[in-house]
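Everything below concerns the one structure shown next.
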Amino acid sequence: MTTTYFTASSVDGFIADPEHSLSWLLLRDVDVRGPMGYERFLEEQVGALVMGSSTYTWLVKNELAGDPPKPWPYAQPTWVFSTRDLPRVDGDIRYAHGSVAARHAEMVAAAGERGVWVVGGGDLAGQFADAGLLDEVWVQYAPVALGAGAPLLPRVLELRLEEVARNRDFACARYTVVRLSS
Ligand SMILES: NC(=O)c1ccc[n+]([C@@H]2O[C@H](COP(=O)([O-])OP(=O)(O)OC[C@H]3O[C@@H](n4cnc5c(N)ncnc54)[C@H](OP(=O)(O)O)[C@@H]3O)[C@@H](O)[C@H]2O)c1
């Protein structure tokens, strides 16, 4: 089973701007069912999700807000890491803290035939990499530089480029994580 960090990024390696806004990303042209597209990735490869509290909070405020509120968008079980008590929403959401490695086997079991999607942020993906549990990194590069923000992957990590594609405004790259033998 594959554990994959799939995200969009600015060309200078930020997944959100310093105010945690994604306005630089959301209005761009993309075919979500096209080459390396998000919807196909989600449908074909994702059996479980994991995210940090900033990503979860962004989703709750931006995707669920409304009158009436929209439902949690994922059918797959989702782990949310935080040291705090976060506002709860309906859905198969498992609130967790501490070592991601200690929870990884549960995620893989829940994912069944599919893989685990590390939604973000970058440090959370780095925690999986630190534990030798991150297999792939997929990045959809938007044609913009942000100068500062939430980092894509704040680690020293060797990757091998496996695939590239253009999806409208985005340059998409799929990498495997190289595990260096000691
Ligand atoms: N461009 C994209 O496609 C994309 C994709 C995903 C996310 N995003 C955005 O990027 C930003 C990412 O924010 P971020 O860098 O702050 O990352 P994040 O992973 O979303 O949130 C980080 C927080 O998660 C909690 N956390 C992480 N690891 C933990 C652990 N092992 N145990 C307990 N808690 C843990 C901590 O919060 P507590 O203080 O709650 O403990 C930490 O401050 C968000 O704005 C998000 O919306 C963009």
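Values computed for the structure shown
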read-out: Matching residues, the stretch 168-181, being among the aliphatic types (A, V, I, L, M), part of a strand (DSSP E or B) and touching a Lys or Arg at 6+ places or on another chain (Cβ under 9 Å); value: 177
read-out: Test: residue in the stretch 130-143 that is of a type outside the set (Lys, Arg), in contact with a His (Cβ under 8 Å, 6 or more places away or on another chain), over 27 Å from residue 64 (Cβ atoms) and touching a residue at least 60 places away in the same chain (Cβ under 8 Å); value: yes
read-out: Residue count, the stretch 7-49 (criterion: closer than 18 Å to residue 112 by Cβ and in contact with a helix residue (DSSP H, G or I) (Cβ under 6 Å, 6 or more places away or on another chain)); value: 2
read-out: Number of the exception - residue 84 against (1) in contact with a helix residue (DSSP H, G or I) (Cβ under 9 Å, 6 or more places away or on another chain); (2) under 25 Å from residue 37 (Cβ atoms); value: (2)
read-out: The listed residue being open to solvent by less than 40 Å² (accessible area, probe 1.4 Å) and acidic (Asp, Glu), out of 136, 163; value: 136
read-out: Elements of type helices (runs of 4 or more DSSP H) in the stretch 15-128, at least 1 residues being free of Cβ contacts under 8 Å to residues at least 24 places away in the same chain, of a type in the set (A, V, I, L, M, F, W, C) and surrounded by 16 or more Cβ atoms within 10 Å (Cβ to Cβ); value: 53-62
read-out: The stretch 129-167: number of residues that are in a strand (DSSP E or B), touching a helix residue (DSSP H, G or I) at 6+ places or on another chain (Cβ under 8 Å) and within 12 Å of the ligand (Cβ to nearest atom); value: 5
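The values are calculated or read from the model by the stated rules, or taken from the named source; none is laboratory data. The shown structure was predicted, so the numbers you read here are calculated from the model rather than taken from an experiment. For neighbour counting, all protein chains shown are included, and Cβ atoms are generated from backbone atoms with ideal geometry for every residue, glycine included. These area figures cover heavy atoms from the full protein model, side chains too; ligands, DNA and RNA do not enter into them. Shrake-Rupley method; radii C 1.70, N 1.55, O 1.52, S 1.80 Å.
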